[in-house]
Structure formats: C-alpha cells, structure tokens
1. Mind checking the angle between helix 65-78 and the chain's longest principal axis? C-alpha axes, 0 to 90 degrees, to the nearest 10.
2. Can you compute 3J(HN,Hα) from phi for each residue in the stretch 105-119, using the Karplus curve 6.51 cos²θ - 1.76 cosθ + 1.60 with θ = phi - 60°, rounded to whole Hz and x for Gly and Pro?
3. May I ask which of 27/127; 67/110; 7/127; 67/123; 27/75; 7/110 have a Cα-Cα span longer than 22 Å here?
4. Using Cα pairs closer than 8 Å and at least 6 residues apart in sequence, work out the relative contact order for the stretch 3-126, in percent.
5. Sorted from fewest to most neighbouring beta carbons within 10 Å, what does the list 99, 33 look like?
6. What does the charge dipole of the chain about its Cα centre add up to, to the nearest 20 debye, if the Cβ of each Lys and Arg holds +1 and the Cβ of each Asp and Glu holds -1?
7. State the extension gain, in nm to one decimal, for the chain segment bounded by residue 66 and residue 4, taking 0.36 nm per residue of separation less the distance between their alpha-carbons.
8. Pairing the Cα long axis of helix 16-31 with the longest principal axis of the chain, what angle in degrees results, from 0 to 90 and rounded to the nearest 10?
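Read the figures in this text as sums done on the coordinates, not as results from a lab. Model, not experiment: these values are computed from the prediction. So basically every Cβ, Gly included, is an ideal-geometry build from the backbone, and we count neighbours across all protein chains shown.
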Amino acid sequence: MSEQRIKAVQMFSQEEIFRAIAYGALKARAARLAPGEIFNIGEFELIVAEDENGEGIVVQIIETMAKMELMVLSKMRTQDTMLGDHEQRDWMAAFWRDLAQYLDKWQNIKMRLGPGEHITFEKAVSK
C-alpha cells in the first residue's frame with residue numbers, strides 16, 4: 001500500500017457508516033433480532049441476515065458504489081490529492097482492496113462488491 005492510500009484507508013474507516021454497522025451489530029445482538037428484520041441507525045438502513053454459510057447472523061449495509069466513491073473522493077480532496085481519470089480509477093480499485101483488508105483486520109467488517117452496482121458491508125452479530 002502506498003503511504004497516501006494507507007492514510008486514506010485509515011481516515012475513511014472512521015466514517016459514520018462503519019460506526020453505524022458496529023453499533024447495529026450490538027443492537028441486533030441485544031434485541032435478538034432475527035434475519036429479515038430491517039432497522040435504521042442514523043441515515044443508514046441495516047438488514048439482519050444469515051451469513052454466507054448459514055451458520056450465524058450478520059447485519060449488513062448495502063450502499064451504491066457511486067455514493068461510496070463520492071464519500072472517498074471528498075476525503076481525498078481534503079488531502080489535496082489530484083489525480084487524472086485513469087490514475088483515479090486505478091487508485092480507487094486499489095483503495096477498495098486495501099479498505100476491505102483493513103476493515104476485516106481491525107473492525108471485523110466484511111466488504112464485498114455487489115449486488116449489482118452496490119457495495120455490501122457486514123458485521124457478525126452471532127455465530
């Protein structure tokens with residue numbers, strides 16, 4: 001990871017969306033919410049679902065890739081980083097890869113692309 005991208009990943013990992021999913025996992029656990037239930041924390045809609053293996057419960061936030069990219073780009077602008085279109089696409093692809101690793105390691109948040117033009121973040125509630 002480049003030093004600039006590391007700083008961007010670290011800064012972005014503190015965004016409200018990640019605090020909301022962490023709080024949502026605690027809330028879902030405490031309220032014993034079942035898969036299929038939907039609730040809001042701030043501006044974010046969280047979905048309670050089974051994990052991919054059907055062995056546990058997770059909370060998910062599904063956002064459009066466009067909205068997430070705007071959030072990232074606004075953070076980049078605060079760092080006075082200007083990239084050309086091609087450089088920006090390459091940087092953004094590397095950023096998402098690095099962010100996924102960082103979130104998994106430090107916040108136990110899984111990130112994956114999809115469905116469609118969306119990005120999904122999920123955190124375990126119980127196993």
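1. 50 degrees
2. Coupling constants for the stretch 105-119: 5, 9, 10, 6, 10, 8, 10, 8, 6, x, x, x, 8, 10, 10 Hz.
3. 7/127; 27/75
4. After rounding, I find 31 percent.
5. 33, 99
6. So the dipole magnitude of the chain works out to roughly 420 debye.
7. 20.1 nm
8. 10 degrees
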